[in-house]
Every structure is written in structure tokens, then in C-alpha cells.
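Engineer: Pasting a structure here, questions to come.
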Amino acid sequence: MSGEGKSIGALTGDLFANIAQQRAATPPRTLILKEAATAIEDTRPKGKDVSYIHSILCQIGLPRAKVDGDTFERMSMGCALEVRAGKIWNGRELVQQIVPYGPLPRLIMAYISTYALRHNTTAIPFGDSNNDALRLLGIEKAGTTFRMFRTQLSALSSCTMTLGFNVGDTAHTFHGQPVEHFEAWLANATDQRSLWPSAIHLSQRYYETLIDHAVPHDLRALSSLKGSALAMDIYLFLAARLYRVKQGGKVIYWHQLRDQFGQEYNDPKNFKLRFKKALALALIAYPAAKVAVVPGGLKLSASPPAVDPRDSAAVLRAIKTR
């Protein structure tokens, strides 16, 4: 349709109307991701945008979907993770919790790990409303996501983990609870703080391994991917791996990727399809990543780190000199 005869004002109005229609037709999560990617390209992560998570969770992720039973196990590339559901005292009885799963435990682990490292403490306060945590993680304080956040926080705080990983020619095994003490206000029909944690305390042993094995990443990127736990896992894997890739690159074959990311998928073709879709999302959130799908698998090439090493190392140096 020609624009002949239309005023500049009318043409401008049509342009903005078309943009509005395109935005309305774009899924909200995609818009959030694209806006985050633009911000990441324009500004390197600084301050509160620099977040940390244990390296083992960059190699082997927590469950992505609800687990049948009370135990989850995943092994891949010299690492292993077993998660066992625990119980929480509600003031009257010990209540069985679920195995933590999905995007929220990943965000929670990033938040509590970052707080612990930045403040050199094993005690992470949540307070009456925990507005800081919710704001940083991009979670609205209402609705289904908020209720799921509380459920997953309780599950994560009560679970027991066994972590196995190799460092050089030494095999390490960690048995225990990342969170050793969970405080929460007792449920009260007239109290808006019902079932809301007041503080969690990391175990000293887990905290010490975190100091030695913390992986910095951009919290804006991780939060923008919270619609897909698989995309979050791929992003964290790339954040931990790409800056260490040597000249010439590294190919990771599909059977290796399936061992690491796709143990839940019985059909290899289904895994490839889902992985490629999640990879596309992760690469939007990590625009500097040099990754290509090649015959047989995925080629990783040396890429700028997700976080400037000078910004991330300062936090860890400060801890180790205290």
C-alpha cells in the first residue's frame, strides 16, 4: 500500500502503529530477553549485575522439571550431582519438601551465592519482604511465580546434595546441605509474613568450596532466561567455559551434550531440537559468545568472558585477604 498523499504525521503514526503491533505479537519473554540483550551489548555488567554460582552447577544443572520421588541424580564429564529432598519444621511438624526444580532454584542459588561472597558471610538475610532479592531476580511479589519462589526456596534450603568433581588428578566429593540452617516466621492467618523465610545460613564447608569454585556471570542475562531452565544451564555452561577455550576452538559432540544436558530426553532427535532452541536463547543473552552448530555437535571458540575478570576477581581477592 503506497504512502502517497499521506502527511508526515500520518506516516509516522502508521510506523509507530506497526511497531506496536509487532511488539504485541511478540511473546513477552522474547521481548524481555531482547531488551536484556541490548542492555548487555551496550553496557558490560558492573556492580549488582555481576553474580556468582558454584562451578558444579555450570556443568551439571539441577532438575528442570518436577521429579517423581525424592532423589535426583545427574552425571557428566567428570562431575556428578545427587539431590535428595529434605524436610522443614513448620512449628508443629516436619513437612516433606520436593526436590528443587526449574528456573527459580537456579536464580536463588545465584542470589545467595553472590550475597555470601560479596559480604563474606554464610548468613543470607531475607527480611520481612525480601524486596532486594525479588527485584534483582526479576520476580514480581505476587501471583504464581511468587508462590513458586517460596516453594522452591524451601525445597532448596532443605535438600541434601552430593557433589563429585575432579580438579587435576584429584577426585573431590562433597556430602551435605548447602543450606545448614533455615529460619522462617511461623504461619499465622493474620500475618502477611506467613511461610516466608527470615534467613538462611550456608554450611561453612559449602561456602569454602564456593570461594574456590565460583563462576561469575551477568545476572541480567540469567534472569532474562528464566522462562527456560535449559537455556539458563546452557548460558552458565558457556559463561564458565568459553573464556578458557584455546585457539582453534573445541567441538563438543552431540552424545556429550546429551550426557550433560539431555538425560531426561529418550529421543536424541527431540533433544537436539530442544537444545538448539534453548541455545538460541542463551546466545541472545550472551551476545559475545562465539558458538556454532557444526556437523556432529557444537563448536566453541575463544570468546570474551561474560563478566570482566577485573570486576569479578576483586570480590574473591577481598575475601581471601580478610
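The values are calculated or read from the model by the stated rules, or taken from the named source; none is laboratory data. What you see is a predicted model; the values in this text were computed from it and never measured. Every residue, glycine as well, gets a Cβ built from its backbone with ideal geometry; the counts of neighbours run over all protein chains shown.
Engineer: Suppose the filter is under 23 Å from E41 (Cα atoms), at pLDDT 95 or above, in contact with a Gly (Cβ under 9 Å, 6 or more places away or on another chain) and of a type in the set (S, T, N, Q); does S301 pass it?
Structural biologist: yes
Engineer: Considering only residues that are loosely packed, with under 13 Cβ neighbours inside 10 Å, part of a helix (DSSP H, G or I) and polar (S, T, N, Q), which ones fall in the stretch 259-289?
Structural biologist: Matches in the stretch 259-289: N270 only.
Engineer: Follow-up. Taking the stretch 290-299 only, how many residues are under 17 Å from K269 (Cβ atoms) and either touching a residue at least 40 places away in the same chain (Cβ under 8 Å) or surrounded by fewer than 12 Cβ atoms within 10 Å (Cβ to Cβ) (or both)?
Structural biologist: Summing the residues that are under 17 Å from K269 (Cβ atoms) and either touching a residue at least 40 places away in the same chain (Cβ under 8 Å) or surrounded by fewer than 12 Cβ atoms within 10 Å (Cβ to Cβ) (or both) in the stretch 290-299 gives 4.
Engineer: Being basic (K, R) and either outside any strand (DSSP E or B) or without any contact (Cβ under 8 Å) to a residue 60 or more places away in the chain (or both) is the requirement here; does R74 meet it?
Structural biologist: No, not satisfied.
Engineer: Next question, about the same structure. If a residue counts only when it is more than 18 Å from the chain's Cα centre (by Cα) and at pLDDT below 90, which strands (runs of 3 or more DSSP E) contained entirely in the stretch 85-198 have at least 3 such residues?
Structural biologist: 160-167, 170-176, 179-184
Engineer: I need the full set of residues from the stretch 225-255 which are within 12 Å of the chain's Cα centre (by Cα) and surrounded by fewer than 18 Cβ atoms within 10 Å (Cβ to Cβ), in order please.
Structural biologist: Hit for the stretch 225-255 is G227, nothing else.
Engineer: Another question, then. In the stretch 110-122, is there at least one residue being buried (at least 16 other Cβ atoms within 10 Å of the Cβ), aromatic (F, W, Y) and touching a Phe, Trp or Tyr at 6+ places or on another chain (Cβ under 8 Å)?
Structural biologist: no
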